[in-house]
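Notes follow the structure.
The values are calculated or read from the model by the stated rules, or taken from the named source; none is laboratory data. Quick caveat, the model's predicted, so the values are computed rather than measured. Heads up, the Cβs are rebuilt from the backbone with ideal geometry, glycines too, and the neighbour counts pull from every protein chain shown.
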Amino acid sequence: MSWSADTRLLLCIAIGQTIGWGTLFSVFPLFGAPMEAELGWSRAEINAGLTLALLVSGLAAVPVGQHVDRHGGRRMLAWGAWLGAALLALWSATESLLLYWALWAGMGLAQAAALWGPAMAVVVTAARDPNRTITGITFITGFTGTVFVPLGAALIAGLGWRGALLALAALQVIPGLLALWLLPAAPPRAATATQGGFSLRAAVRRPAFLGLAACFAAHAFIGIGLGAHAIPLLRERGLPEASVLLVVALHGPFQVAARLVLFSLGGRVTMRGVGRLATLLTPFGMLVLALAPPDLGWLVLYALCWAIADGLMTIVRAAGVAEILGREGYGTITGALSVATVLPRTAAPVLIALIWEGAGGYGPVPWLLAGLALLGAAAFLAAARAR
C-alpha cells in the first residue's frame, strides 16, 4: 500500500501523540493512591510534581520552538519521547520526594519536546494540507484517555504501580522510533524563524498575537479548572453519581464527533470561522452550567457545548495560529503562546478550590468561567479580524 506524505505524517504524529499524552500525562492521577499508600506522601506533595512539570514545560516552550524552527522537529520529538521514557523508568524506582520532584521537572522538558507544540510545528511545515492533517490527528488523539486510563488502571492492578510505570516507559519508546522512521529529515520550511527578518519581540506585540494569547489563556483556565473540579461541582448539584459520571464521560465522544465533522468539511471552513464558533459556544456552555437545574438533560447540553468548543479549540491552537499569524517562526510563536497559558493552567485548580472554600460551595464558579469565556471570545474575534 502506498501512503501519501500527509497520511504518513498524520499517522506518525497521531500515534506518537496518543502514546505520549497517554503515558506522560493522562495516567498521572491513577498513581496518586498507590503511591500514598506505599510511600506515605500526601496527595498535595504528589500533585506538586505535575504542577512543576507544567511550569517547566511552559518555560521551555519558546526555546524548544526556536530549535524546531531552525532545525526541524524530527529529532526533537524523538529525543523528547526517549527522555520521557527514561524518566518514567526512574520514577518507578524512586523512594525520595525530592528526587520525585526533580524527575517531574525533567518531565516538563520531555513534555515540551515531545508533545503538542513541536509536533504541530512539524505538521505546519511539512504537510500539504496542514488544517486537514491537524484535524485528523486530533480525531485520533481524542481517544487518548479512553485508551490509556483503563490501560493504566489494568497495569497498576496487574503489575503494581512501579511495574506499570516500567510498562508505560517501554511504550513511550515507540513515538521516538516513529519520529525517526517516518518524519521528514529536513522539513521544507525549517529555519523560517531565522530568515526574512523574523523577530519574536515584534511578533508578540502584534494585536493578533495578544488576542490569541488572551483567548488561549482563558480557555486553559476553564479547561484545567473543570478537569479538576467538574465531578465535585456536579455532585454538589445533587445529581445521582451515575449521572455525574455520564456528563463527564460524554466530553470525549462529543469532542471526537466535532472533530470528525470538521475533518469531513475539509477546506470548506476556515480556522477563523471554527475559532469563532468554539469561542462563542464556550460562554454559552458555562451559562448553561450556571443556570441549569439539577436535570440530566440540561447538563448534557452543557457537556455538548463545552466538549465541541474544547475539541475545536485544540485544532485552532495549532492550525488557527498558522492561519492568523502566518507560518514564519511558527514554532517560536506557538511556544510564546504556550507561555501565556502557564499561569492560568497552574492557578486554576487552586483558585477554584479557594472560591469553593470562601463561598461555601461552587455557586460562583460557573459565573467566573462564563465571564472568562466571554473575554476569551472577544479576544479571539479581535485576533481573527487583524491582518
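Residues in the range 284-321 that are under 14 Å from residue 367 (Cβ atoms) and crowded, with 24+ Cβ neighbours inside 10 Å: 285, 286, 289. Restricting 94, 51 to residues that are hydroxyl-bearing (Ser, Thr, Tyr) and either crowded, with 23+ Cβ neighbours inside 10 Å or free of Cβ contacts under 8 Å to residues at least 40 places away in the same chain (or both) narrows the list to 94. Meeting the requirement of 1 or more residues that are within 30 Å of residue 185 (Cα to Cα), the helices (runs of 4 or more DSSP H) wholly within the range 29-114 are 43-71, 74-91, 97-114. Could you go through the range 352-359 and let me know if any residue there is buried (at least 21 other Cβ atoms within 10 Å of the Cβ), assigned to a helix (DSSP H, G or I) and at pLDDT below 90. Yes: one or more hits. Taking the criterion of being more than 21 Å from the chain's Cα centre (by Cα) and either surrounded by fewer than 16 Cβ atoms within 10 Å (Cβ to Cβ) or aromatic (Phe, Trp, Tyr) (or both), the residues of the range 141-179 that qualify are 153, 154, 157, 158, 159, 160, 161, 163, 170, 177.
What residue, of 374, 312, 381, is part of a helix (DSSP H, G or I), modelled with pLDDT of 90 or more and touching a Pro at 6+ places or on another chain (Cβ under 6 Å)? Talk me through it step by step, then tell me what you get.
Working: 312 fails: touching a Pro at 6+ places or on another chain (Cβ under 6 Å); 381 fails: touching a Pro at 6+ places or on another chain (Cβ under 6 Å).
After ruling out the rest, the residue left standing is 374.
Screening residue 72 with (1) under 20 Å from the mean Cα position of the chain (by Cα); (2) surrounded by 24 or more Cβ atoms within 10 Å (Cβ to Cβ) gives one miss only, at (1).
So which residues in the range 22-56 are more than 17 Å from residue 101 (Cβ to Cβ), of a type in the set (A, V, I, L, M, F, W, C) and touching a helix residue (DSSP H, G or I) at 6+ places or on another chain (Cβ under 6 Å), if there are any at all? If the condition is that a residue be more than 17 Å from residue 101 (Cβ to Cβ), of a type in the set (A, V, I, L, M, F, W, C) and touching a helix residue (DSSP H, G or I) at 6+ places or on another chain (Cβ under 6 Å), then 27, 30 are the ones that fit.
Look through 256, 244, 248 and report the one residue that is under 18 Å from the mean Cα position of the chain (by Cα) and more than 30 Å from residue 335 (Cβ to Cβ).
248 is the lone residue from the list that is under 18 Å from the mean Cα position of the chain (by Cα) and more than 30 Å from residue 335 (Cβ to Cβ).
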